[in-house]
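Visitor: Quick one: this structure, given as structure tokens, is what I'll be asking you about.
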Amino acid sequence: MSATAPGSLILIGPPGAGCSSVARAVGSAQGLPVLDLGRLVADELGTRPDLALVAVPETEYRRVEADTAVRLLERAQTGSVVVALGSGCLEAAGVRQGLERLRLANRQTHRIVALICATRALATRNGLDAPRSVALGTIHHQFVQMLHERQAQCRDLADVVIDTTTTTPDEAGEKVMSAVAADLSRHS
């Protein structure tokens with residue numbers, strides 16, 4: 001980020017791209033607080049992050065997710081934080097408006113970073129590479145479609161794009177910090 005005025009860093013990406021783990025790596029390296037949308041939504045719903053989406057109806061989950069994401073983006077405007085936003089909330093108008101406000105609030109320091117990843121790696125990271133019953137139907141196909149849509153959406157919203165296919169979270173965090181520093185230099 002910037003040595004004189006570190007800003008907020010918003011990580012977006014499809015499930016399995018590493019938003020949460022890379023946010024922790026960047027936050028640790030930069031000494032910044034990390035706000036993880038998935039964890040905060042799960043806490044609000046009273047469940048674990050890995051179960052939150054199935055613990056309540058999806059419409060309820062998405063409502064809480066969008067409301068929480070808007071609050072996190074407001075916090076990002078007023079302080080230096082790393083936000084693991086993911087991609088499930090990006091369709092919500094309030095979230096898109098929050099991203100745009102953040103971008104306009106301080107273009108010199110805040111950055112939106114898209115984490116992308118090869119489909120096969122994302123399938124593995126999400127447990128969809130194991131043999132499965134035909135009763136599940138086209139779940140893999142639907143997952144791949146969702147990934148392609150979300151990755152395209154993330155690329156469109158991002159200032160910087162980082163591929164996490166072959167990196168550890170720490171390595172991806174280093175790539176994020178280097179790319180953000182280069183992007184900040186270009187725009188200052």
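The values are calculated or read from the model by the stated rules, or taken from the named source; none is laboratory data. From a predicted model like this one, the values you see are computed outputs, not experimental measurements. Because the Cβ atoms are built from the backbone with ideal geometry, glycine has one as well, and the counts that use them run over all protein chains shown. Side chains included, ligands, DNA and RNA excluded: accessible areas come from the protein's heavy atoms. Shrake-Rupley method; radii C 1.70, N 1.55, O 1.52, S 1.80 Å.
Visitor: For the list (1) open to solvent by less than 40 Å² (accessible area, probe 1.4 Å); (2) hydrophobic (A, V, I, L, M, F, W, C); (3) over 20 Å from Val161 (Cβ atoms), I need the number of the one condition that Val34 fails.
Guide: (1)
Visitor: Could you run through segment 142-184 and say how many residues are open to solvent by less than 30 Å² (accessible area, probe 1.4 Å) and assigned to a strand (DSSP E or B)?
Guide: Going through segment 142-184 one residue at a time, the tally reaches 2.
Visitor: Of everything in segment 10-30, what is surrounded by fewer than 24 Cβ atoms within 10 Å (Cβ to Cβ) and part of a helix (DSSP H, G or I)? Give them in sequence order.
Guide: Ser20, Ser21, Arg24, Ala25, Gly27, Ser28, Ala29, Gln30
Visitor: Going by the conditions given, is Leu90 surrounded by 14 or more Cβ atoms within 10 Å (Cβ to Cβ) and over 18 Å from Arg150 (Cα atoms)?
Guide: Considered against the rule, which asks whether it is surrounded by 14 or more Cβ atoms within 10 Å (Cβ to Cβ) and over 18 Å from Arg150 (Cα atoms), Leu90 comes out as no.
Visitor: Another question, if that's okay. Looking only at segment 152-188, count how many residues are hydroxyl-bearing (Ser, Thr, Tyr) and under 18 Å from Arg125 (Cβ atoms).
Guide: Qualifying residue count for the region: 5.
Visitor: Let me ask you something else. Which residues, counting only those in segment 37-65, are closer than 26 Å to Thr164 by Cα, open to solvent by 20 Å² or more (accessible area, probe 1.4 Å) and of a type outside the set (Asp, Glu)?
Guide: Those that are closer than 26 Å to Thr164 by Cα, open to solvent by 20 Å² or more (accessible area, probe 1.4 Å) and of a type outside the set (Asp, Glu): Gly38, Arg39, Leu40, Arg48, Pro49, Leu51, Leu53, Arg62.
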